[in-house]
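*Asks:* The structure under discussion is supplied below as structure tokens; questions concerning it will follow.
No lab work stands behind these numbers, since they all come straight from the coordinates. Keep in mind that what you see is a predicted model, and the values were worked out from it rather than measured. Note that we place each Cβ from the backbone using ideal geometry, even for glycine, and neighbour counts take in every protein chain shown.
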Amino acid sequence: MPSAAEQTLENQNEEELNSLHSKIKSLRSVTIDILDDANRQNDQTNSFTSFASSLFSTSRHHSRTMASTSTLRQYRTMAYIVGAIVVLWLIMKLWRSGPGPTVHPIEPEY
């Protein structure tokens, strides 16, 4: 039969073992969260890289098209782009201003 001191040491060892076990669970949980976050960031990086290469390809295609066309066509394309920007700006300006406040005339009191 173990003595009281041995029983106390055994209980302390069990408590420490349980404490270490919970710390290991917490560490494992944090490690899994870090792995999931790293995988999400990699997915975002891959989609950004794909978008960047697509944008570069479109830009290169546009440059080749502009280089092979006449000057008049280039000016016309630039005019369309500038016109579209101005129209969008006007639409945004009108949309922001809204219908305006409703003004009720004040009737004079007699």
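*Asks:* On average, how much area does the Cα convex hull of the stretch 4-69 cover when viewed from any direction, in nm²?
*Replies:* Its Cα hull, projected and averaged over all orientations, spans 4.5 nm².
*Asks:* Right, next: Label-point separation (nm) for residue 15 and residue 35, each offset 7 Å from Cα along Cα-to-Cβ?
*Replies:* Roughly 3.4 nm, to one decimal.
*Asks:* Taking other Cβ within 10 Å of each residue's Cβ, how do 81, 106 sort, fewest first?
*Replies:* The fewest-first ordering by Cβ neighbours comes to 106, 81.
*Asks:* On to the next question. Summing -39500 (n - 2.57) over the DSSP H runs of n ≥ 4 in the chain and dividing by its residue number, what mean residue ellipticity at 222 nm do you reach, to the nearest 500 deg cm²/dmol?
*Replies:* Computed ellipticity for the chain at 222 nm equals -31000 deg cm²/dmol.
*Asks:* Something else: For percent of Cα pairs over 17 Å apart, pick the label among (i) 63; (ii) 81; (iii) 67 that corresponds to the value derived from the coordinates.
*Replies:* (ii)
*Asks:* Among 78, 66, 92, whose mean-square fluctuation peaks in a Gaussian network model of the chain (Cα, cutoff 10 Å)?
*Replies:* 92
*Asks:* Still on this structure, please answer the following. Once the Cα atoms of helix 4-68 and of the chain are each reduced to a long axis, what angle between those two axes, in degrees from 0 to 90 to the nearest 10, is obtained?
*Replies:* Computed tilt is about 20 degrees.
*Asks:* So what's the angle, to the nearest 10 degrees on a 0 to 90 scale, between helix 71-97 and the longest Cα principal axis of the chain?
*Replies:* 70 degrees
*Asks:* Same structure again: Which length gain, in nm to one decimal place, applies between residue 24 and residue 82 when the Cα-Cα distance is subtracted from 0.36 nm times their residue separation?
*Replies:* Stretched out fully, the residue 24 to residue 82 stretch lengthens by 14.7 nm.
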